[in-house]
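Input: a single structure, listed below in structure tokens.
The values are calculated or read from the model by the stated rules, or taken from the named source; none is laboratory data. Computed from a predicted structure; not experimentally measured. Here the Cβ is made from the backbone with ideal geometry for all residues, glycine too, and neighbour counts use every protein chain on show. Each accessible area value is taken on the protein alone, full model and side chains, heavy atoms only, with ligands, DNA and RNA left out. Shrake-Rupley method; radii C 1.70, N 1.55, O 1.52, S 1.80 Å.
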Amino acid sequence: MQAPHKEHLYKLLVIGDLGVGKTSIIKRYVHQNFSSHYRATIGVDFALKVLQWDPETVVRLQLWDIAGQERFGNMTRVYYREAMGAFIVFDVTRPATFEAVTKWKNDLDSKLSLPNGKPISVVLLANKCDQGKDVLMNNGLKMDQFCKEHGFVGWFETSAKTDFWVLQHCFSIRLTVMEIKRQYLERHMLTEAKSVKVLFMIVICGKYKHR
Ligand SMILES: Nc1nc2c(ncn2[C@@H]2O[C@H](COP(=O)(O)OP(=O)(O)OP(=O)(O)O)[C@@H](O)[C@H]2O)c(=O)[nH]1
């Protein structure tokens, strides 16, 4: 007898200042390529990544690539709607883009929350780490503290150019998906015992597949 087939569709946001590499990260993740040619995103762009989560489950990640210039616009509320998780990206060579991270996070938290009022889970990506790490050097070990204080699930160094990000980014995608799953269970008001059991299974599957 064939195992039951389950499909989940999750909307994930990728936000951050102009030119930090949001489109490049998505391109690398979805199409495994990179271009040094810069063309600013206008409004929003979309990409779909399909993950075979386990033999019975397919996870479709709908990635919303929101233009950096939208931080100054009114459209973000519309774009954020029904997102289950987000990546906020900054450029490690440009400190101003790191300073903007809290503005993006505040914008997100003020416009989108879970039905229980809690903020959605957000992972911070320190991109262009192939070009130096000015921001990280200046912040050093404080990054963990920064994430804790500002409510990020975690942070990862990435490079869409050299592909350095793949392992860690895949992990962060998994981390986000796990968190999403938890939120999904919360939304559907399953008992805590059940949700812990399911979460535990997801963690085990994620670790197993990641090795
Ligand atoms: N060296 C290096 N360059 C990168 C990296 N990621 C992106 N870039 C370059 O940075 C520039 C901007 O990248 P995009 O991906 O278009 O940036 P974005 O955040 O989508 O920009 P907006 O659409 O304006 O919001 C491009 O020239 C990319 O080639 C990286 O990891 N390393």
Filter region 38-56 down to residues that are more than 13 Å from the ligand (Cβ to nearest atom) and part of a loop (DSSP other than H, G, I, E, B) and give me whichever is surrounded by the fewest Cβ atoms within 10 Å (Cβ to Cβ).
PRO55
List the number of the failed condition for SER35; all other conditions in (1) open to solvent by 30 Å² or more (accessible area, probe 1.4 Å); (2) not in a loop (DSSP other than H, G, I, E, B) hold.
(2)
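For region 57-92, which positions are acidic (Asp, Glu) and either open to solvent by less than 20 Å² (accessible area, probe 1.4 Å) or over 15 Å from ASP45 (Cα atoms) (or both)?
Quick first cut of region 57-92, residues acidic (Asp, Glu) only: 65, 70, 82, 91.
ASP65, GLU82, ASP91 - these are the residues of region 57-92 that are acidic (Asp, Glu) and either open to solvent by less than 20 Å² (accessible area, probe 1.4 Å) or over 15 Å from ASP45 (Cα atoms) (or both).
Would you call SER24 open to solvent by 10 Å² or more (accessible area, probe 1.4 Å), over 18 Å from the mean Cα position of the chain (by Cα) and within 8 Å of the ligand (Cβ to nearest atom)? Give the derivation first.
On the way: open to solvent by 10 Å² or more (accessible area, probe 1.4 Å): yes; over 18 Å from the mean Cα position of the chain (by Cα): no; within 8 Å of the ligand (Cβ to nearest atom): yes.
No; evaluated as a whole, the condition is false for this residue.
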Quick one: HIS5 ticks every box in (1) in contact with a helix residue (DSSP H, G or I) (Cβ under 6 Å, 6 or more places away or on another chain); (2) more than 12 Å from the ligand (Cβ to nearest atom) except a single one, so which number is it?
(1)
Working only within region 19-32, note down all residues that are at pLDDT 85 or above and assigned to a loop (DSSP other than H, G, I, E, B).
GLY19, VAL20, GLY21
With the structure loaded, tell me whether GLY16 is under 22 Å from LYS103 (Cα atoms), modelled with pLDDT of 90 or more and either open to solvent by less than 70 Å² (accessible area, probe 1.4 Å) or more than 10 Å from the ligand (Cβ to nearest atom) (or both) or whether it fails that test.
yes
Kindly list, by first and then second residue, each pair from a residue in region 144-160 that is touching a residue at least 24 places away in the same chain (Cβ under 8 Å) and more than 16 Å from the ligand (Cβ to nearest atom) to a residue that is of a type in the set (Phe, Trp, Tyr) and in a helix (DSSP H, G or I), limited to pairs with Cβ atoms under 6 Å and residues at least 6 apart or on different chains.
none
